[in-house]
Amino acid sequence: MKGAEAYVNDQWHSSGLADLPEGVQGHCVSLKFIIPRDTQSTGLITHIRDVAQKRLSEFYKDRQVTHRPVQGSVVGDGSGDGINLVFDVAPAK
């Protein structure tokens, strides 16, 4: 089974992590990950969220990054394999 780090690394560009908004204002960042339905579990999704949050915190240094509740499994593409992870990034001080 594929781990959370692998999902984040493999889907870096397609998830939205490679194209994050810049600027000192606050941001709402929505990332989409494709996780096959048969491998989805609460633990895996939570771990992917934690890894993505860590990467966002590294990008937005010295800014608070908080997550919203996970949205999935069907995210409008009809596949049932997608999850949306939404994060709020505080404005720079």
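Throughout, read-outs are computed from the coordinates displayed, never taken from laboratory work. None of the values given here were measured: they were computed from a predicted structure. Note: ideal-geometry Cβ built from the backbone for every residue, glycine included; neighbour counts use all protein chains shown.
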>> Run the reach check for Lys32 against aspartates and glutamates, Cα to Cα strictly under 18 Å, same-chain hits fewer than 8 apart removed. What comes back?
In response: Glu5, Asp10, Asp19, Asp50, Asp77, Asp81, Asp88
> Under a straight-distance cross-link criterion of Cα-Cα below 19 Å, which lysines are reachable from Lys93, leaving out those fewer than 8 residues away in the same chain?
Replying inline: Lys61
>> About the Cα centre, and with charges only on the beta carbon of Lys, Arg (+1) and Asp, Glu (-1), how big is the dipole of segment 4-89? Nearest 20 debye, please.
In response: 200 debye
> Mind listing the phi-derived Karplus ³J(HN,Hα) values for segment 19-26, rounded to whole Hz, using 6.51, -1.76 and 1.60 with θ = phi - 60°, and x for any glycine or proline?
Replying inline: 9, 7, x, 10, x, 8, 6, x
> Over all Cα pairs of segment 4-89, how is the pair count split among 5 Å bins, expressed in % and running from 0 up to the last occupied bin?
Replying inline: 3, 15, 28, 26, 16, 8, 3, 1
> Roughly what angle does helix 42-59 make with the longest principal axis of the chain, taking Cα atoms, 0 to 90 degrees, to the nearest 10?
Replying inline: 30 degrees
>> If I model a spin label as a point 7 Å beyond the Cα along the Cα-Cβ vector, how far apart are those points for Asp62 and Ser30 in nm?
In response: 3.1 nm
